[in-house]
Amino acid sequence: MSQAMRPARPAPGRGRGPVRPVAAPAARSAQFRDVLHGEWTKLRTLPSTSWLLLSAAALTIAVSAATVIGTGAANGCQAARGGCLAAVTGTDPAKISLIGVYLGQAVLAVLAVLVIGGEYDTGMIRVTLTAAPRRLTLLAAKAVVVTGCALAAGAVAAGGSFLAGRLIEPGRGLTAANGYVPLSLGNGADLRAVAGTVLYLTLVALLALGITTAARDSAVGIGVVLGLLYLFPVITAVIPDHILARHLEQASPMTAGLYIQATVAVRSLPLTPWQGLGVTALWAAGALLLGALALRLRDA
C-alpha cells in the first residue's frame, strides 16, 4: 500500500474518548491530609469524644484494680495454708491486672461507631461526601483517626491497669515467694501482654468502624459489635461439644484476641497469643473491607 493510501493516525487525545486526568501522588497525598485534618477536627470538637476516651481508660483501670484487690479472697489465701501458691491457684498475674479490658473495649467500640454512625444518623454524611467525594479516602482518614485515639486510650488503660496490678498484687499474696513472677515490663511475657492489649483495643475500634460503615446505623453497629464480642464466650460456655466450643473460641474476636494477655499455661491455649490477636485483626480487616465496599457501591 502506498503512502497516500495509508490512513492518517489520529492525533493524541482525538478519537480515543475522553482522557481522565490522573492525580499525581503528591496531589493525592495533599487530598488525604486535608480529609484527615477535617476528620480529626470533627472528632476532637465533639464533647463526647474526650468523655468516651477518658471513660474507656478509667473503667479499664478501675475494674482491673478491683479485680486484683479481690483476687486474694477469691483464691482462698486466708482460708487455707498454701492457698496462695501459684501451683494451687493457677492465677495469671498479668491477665488479671488487665482484665478491665472486657469493659473498656465496649466504650472504645461506641466511640468508633459514632465516628461514622453519627453522621448517618443525622444525615451529615451527605455533606461529608460532598466535601470529600473520594469515599475510600474518607474511610481511610476515619480509620487513621480512630486508630490514633484507640492507641492513646489503650496505652493509658493498659499502662494504668498494669501499674495498679504491680502495686496491689504483692499485698494479695501474688509474690515470688508464692511462686508468681512479679509484674515487670522487663519480662517479655508481661510486655507482650500490655502491648498486645493496646493493639487489641485498637483492632476492636477498627472492627466497630467497619461494621458501622457497612450497617450505616449507630444502633445496629453497636449491637452487632457487642454481639460479636460478648456472645461468642456465652455460646462456647453452654455448648456441650467441647471440640466445637474450642473451634468457636479460636474464631471469637474477643476470646482469641485476649490470648495475647496470657503469661501462664500459654501452651494449653487453642492458639498462640499472637495467633489469637491475628484472629481479631482478620475480623477488623474483614469489617473494614465490607464497610469500604458498602461505602463505595451504595448511595449515602
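Rounded to the nearest 20, the size of the Cβ-charge dipole of region 77-178 about its Cα centre is 140 debye, with Lys and Arg at +1 and Asp and Glu at -1. At q = 0.14, 0.22, 0.23 Å⁻¹, what log₁₀ I(q)/I(0) does region 132-196 have when each alpha carbon counts as one equal point scatterer in the Debye sum? So the normalised log intensities work out to -0.56, -0.91, -0.96.
What percentage of all Cα-Cα pairs in region 167-300 are separated by more than 22 Å? I get 49 percent for the Cα pairs in region 167-300 exceeding 22 Å.
Using Cβ counts within 10 Å as a stand-in for footprinting exposure, how do 162, 32 rank, fewest first?
Working: 162 24, 32 17.
Listed from fewest to most nearby Cβ atoms, that is 32, 162.
Taking 25 °C and 0.890 mPa s as the conditions, I'd like the Stokes-Einstein D for the chain in µm²/s, using the Kirkwood hydrodynamic radius from alpha carbon pairs. Stokes-Einstein gives a translational diffusion coefficient of 113 µm²/s.
Give, as a single signed number, the net charge of other residues whose beta carbon lies under 12 Å from the beta carbon of residue 239, with Lys and Arg counted +1 and Asp and Glu -1. Numbers along the way, then the final one.
Working: positive: 246; negative: 241, 249.
Neighbourhood net charge equals -1.
Each other residue within a Cβ distance under 9 Å of residue 263 adds +1 if Lys or Arg and -1 if Asp or Glu, for a net charge of 0. With the charge dipole of the chain set up from +1 on Lys and Arg Cβ and -1 on Asp and Glu Cβ about the Cα centre, the Cα lying farthest toward the positive end among the listed residues 45, 60, 265 is that of 45. Dividing the helix sum by the residues of the chain, where each DSSP H run of 4 or more adds -39500 (n - 2.57), gives a mean residue ellipticity at 222 nm of -23000 deg cm²/dmol.
Cα centroid separation, region 233-300 to region 110-136: 28 Å. Summing Lys and Arg as +1 and Asp and Glu as -1 over all other residues whose Cβ lies under 11 Å from the Cβ of residue 182 gives a net charge of -1. Placing unit charges on the Cβ atoms only, positive for Lys and Arg and negative for Asp and Glu, gives region 47-297 a dipole magnitude near 320 debye about its Cα centre. FRET efficiency for the residue 137 to residue 265 pair, using the beta carbon distance and R₀ = 51 Å, is estimated at 0.65.
Based on the Stokes-Einstein relation at 4 °C and a viscosity of 1.567 mPa s, and on the Kirkwood radius from alpha carbon pairs, region 199-260 is assigned a translational diffusion coefficient of 105 µm²/s.
Between residue 189 and residue 147, the modelled labels are 3.1 nm apart [label points 7 Å from Cα along Cα→Cβ].
The gain in end-to-end length when the residue 293 to residue 103 segment is fully stretched comes to 65.4 nm, 0.36 nm per residue minus the alpha carbon separation.
Every read-out reported here was derived from the displayed coordinates using simple, explicitly stated rules and does not represent laboratory data. None of these values were measured; they are calculated from a predicted model. In this analysis, Cβ positions are derived from the backbone assuming ideal geometry, glycine residues included, and neighbour counts consider all displayed protein chains.
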